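Remarks on the structure that follows.
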Amino acid sequence: MTAPTSTRTAADAGAVAVRIRDLAVSFATDAGAVRAVDGVDLTVRPGEVLAVVGESGSGKTVTAKTILGLLPENATARGAVVLANKAGTAEHDVVSLSASQLRRVRGTDVAMVFQEPSAALNPVYTVGWQIAEGLRAHGKVSKAEGRRRAIEILGRVGIPDPDERVDHYPHQFSGGQKQRIIIAMALVLDPGLIVADEPTTALDVTVQAEILDLLRRVRDEFGTAIVLITHNMGVVADLADTVAVMYQGKVVEQAPVGELFAAPQDDYTRRLLGSVPRIGEARARTAERAAARPAGWAEAEPVVAARGLEITYPGRFRTPGFRAVQGVDLTIRPGEVLGLVGESGSGKSTIGRAIAGLTKVTGGSLQVLGTEMHGVRPRELRPVRPRIGFVFQDPASSFNPLLTIADCVAEPLVVHGRARDVGAARARVDELLEAVQLPRAYGDRFPHELSGGQRQRVSLARALALDPELLVADEPTSALDVSVQARVLDLFAELQAELGFACLFISHDLAVVDLLADRIAVLYRGRLVEEGTGEQVLGSPSDPYTQRLLASLPVPDPVAQAARRVELERLRALD
């Protein structure tokens, strides 16, 4: 069926990039139809950034995928998604387009920036070939011309030495650079609209700030409209012109960004904004916890003590090794939460893995629960392992999908001889599930049947199964939306206060660390550059890197965020 087409000029006052009217999307399942989107109305104008926010399951990603016609076969859509080309000379109703018509529209009128660039890029082709693929799909382009266009767009998105890097493969780029390449692939055909689905979720705050600057340039220099799907309200405050809040498939509030943050009208919007952690808001709670410490606590034997810690990854094929951690001194006392922050590649996860005995220490000293980890033998490490819990960043990949939740939580109990089998451990498993505020019946489910927040609670339950004295939490909330993150953080704080375990909390979110940590340590290129309480490190940072890190963190306030952006530019100019 041919989609309706009309002609108009982009100069028309009523020009729009996409207009969504009464959109409803349902999915056919064995249990019947499930309505994911219900009566959504949205309009995005050329050069405008519309942020669509809401918790997981609110329908924001389904709405975004409808704009590109990327819904699965079991989905049924009704309503209208009217997409205009960049020149404003034609428009199409995406809902009624055939597969061949959709292929012509994608890339030229609308393009997608995916959440996980590593999954979106093909590892066996160079990035130049993959960028030129979009050009080849929409017309005959010579190899030389495709390469020239790829080099040009790589340079425009900030990839250094684009004439050389065009022939490199995805694994040769950092996470932030891969996201820039995905944006380049979206821009190469100069579409009028880009749909960006959580484009900064997995990035640390400094790289995130660079990607937000790039998206701002895309809007201003290319004149491209952007639909931004995100759960980060700081990102919304930094980039968006208009915000639409979705809840249970409906748009419950829509307003200019300044109005929405200053005076939210809907109860759900107010709860969503209230869930966002802010630097400084938990200082009183941290001070109360410090005041409640018993006498002599500061002189107690540390749970973790690093002195001149060095960790080097061996090189291959006669290449020198990479020194990930160099000369780090830090301690964690009993019952203390130490927040470890820094950008990707700073060495924070390497330190966490070394403390858990998962990465070899190559220099200095690292004592964990009285055991020296430098040169430790597996036999000597065996009695220490049950005393350490580990919460992984992505519980979905750390669980065996063939095992039930009860099997996953019981695994450490069985492995360390605390229970004969899963059946014998079930009482303890039920107790742990209730401790993380999940029903006992969830033990009979499989990991894929739980939401992201529920899986992270199960991961916490598994880490606590052996009553550890030390917990290593590596980015445990980075992939969660703000409302789920708030509940998980509250649960974590309650369990830590109740059980009294010491914790190394690794994160790139400074506000989350400030909420939970007694002390904060800042890593930069494998070195410890600053350490102290949240008030000292985040309230008045002394190291230039910490100052840049703090200025890079987007805050959920458009006015304050504009001032932070100016400060970040000033600090960058000093480098």
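Listed conditions (1) in contact with a strand residue (DSSP E or B) (Cβ under 7 Å, 6 or more places away or on another chain); (2) over 12 Å from Val52 (Cβ atoms) are all met by Val245, apart from (2).
Condition (residue is closer than 30 Å to Pro556 by Cα and out of contact with any strand residue (DSSP E or B) (no Cβ under 8 Å at 6 or more places or on another chain)) applied to region 299-307: is it met by at least one residue? For region 299-307, residues closer than 30 Å to Pro556 by Cα and out of contact with any strand residue (DSSP E or B) (no Cβ under 8 Å at 6 or more places or on another chain): absent.
Residues that are within 16 Å of the chain's Cα centre (by Cα) and either aromatic (Phe, Trp, Tyr) or not in a loop (DSSP other than H, G, I, E, B) (or both) within region 181-199 comprise Ala196, Asp197, listed in sequence order.
For (1) out of contact with any strand residue (DSSP E or B) (no Cβ under 6 Å at 6 or more places or on another chain); (2) among the small types (Gly, Ala, Ser); (3) closer than 27 Å to Leu239 by Cα, each residue gets a yes or a no:
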| residue | (1), (2), (3) |
| --- | --- |
| Ser118 | yes, yes, yes |
| His138 | yes, no, no |
| Val157 | yes, no, yes |
| Arg165 | yes, no, no |
| Gly175 | yes, yes, yes |
| Arg180 | yes, no, yes |
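Would you say Ala282 is closer than 25 Å to Gln536 by Cα, small (Gly, Ala, Ser) and touching a residue at least 12 places away in the same chain (Cβ under 8 Å)? Yes: the conditions hold for Ala282.
Selection over region 152-168 of residues that are more than 15 Å from Ile183 (Cβ to Cβ) and crowded, with 19+ Cβ neighbours inside 10 Å gives a count of 1. Quick one: in region 40-73, which of the residues that are in contact with a strand residue (DSSP E or B) (Cβ under 9 Å, 6 or more places away or on another chain), modelled with pLDDT under 90 and of a type in the set (S, T, N, Q) is surrounded by the fewest Cβ atoms within 10 Å (Cβ to Cβ)? The residue in question is Thr61. The condition of being under 30 Å from Thr269 (Cβ atoms) and either assigned by TED's automatic domain parsing to the domain that holds Leu340 or in contact with a Pro (Cβ under 8 Å, 6 or more places away or on another chain) (or both) holds for only one of Pro378, Pro395, Pro386, Pro412, that being Pro395. Selection over region 287-327 of residues that are within 19 Å of Leu470 (Cβ to Cβ) and touching a residue at least 24 places away in the same chain (Cβ under 8 Å) gives a count of 15. Counting only strands (runs of 3 or more DSSP E) that fall entirely inside region 246-341 and contain at least 1 residues that are assigned by TED's automatic domain parsing to the domain that holds Gly539 and basic (Lys, Arg), the qualifying elements are 304-313, 322-332. Taking the criterion of being in contact with a helix residue (DSSP H, G or I) (Cβ under 9 Å, 6 or more places away or on another chain) and under 18 Å from Val251 (Cβ atoms), the residues of region 269-282 that qualify are Thr269, Arg271, Leu272, Leu273. Could you tell me which residue of region 252-267 is surrounded by the fewest Cβ atoms within 10 Å (Cβ to Cβ), considering only residues that are touching a Ser or Thr at 6+ places or on another chain (Cβ under 9 Å) and closer than 18 Å to Val482 by Cα? Selected residue: Val252. Output yes when any residue across region 439-456 is assigned to a helix (DSSP H, G or I) and touching a Gly at 6+ places or on another chain (Cβ under 8 Å), and no when none is. So far as region 439-456 goes, no, none of its residues is assigned to a helix (DSSP H, G or I) and touching a Gly at 6+ places or on another chain (Cβ under 8 Å).
Summed over region 286-324, the residues that are aliphatic (A, V, I, L, M) and out of contact with any helix residue (DSSP H, G or I) (no Cβ under 8 Å at 6 or more places or on another chain) give a count of 9. The number of residues in region 470-504 that are within 16 Å of Gly352 (Cβ to Cβ) and touching a strand residue (DSSP E or B) at 6+ places or on another chain (Cβ under 7 Å) comes to 11.
The values are calculated or read from the model by the stated rules, or taken from the named source; none is laboratory data. Small disclaimer: the values here were computed from a predicted structure and weren't measured. FYI the Cβ positions are ideal-geometry reconstructions off the backbone, even for glycines, and counts take in every protein chain you see.
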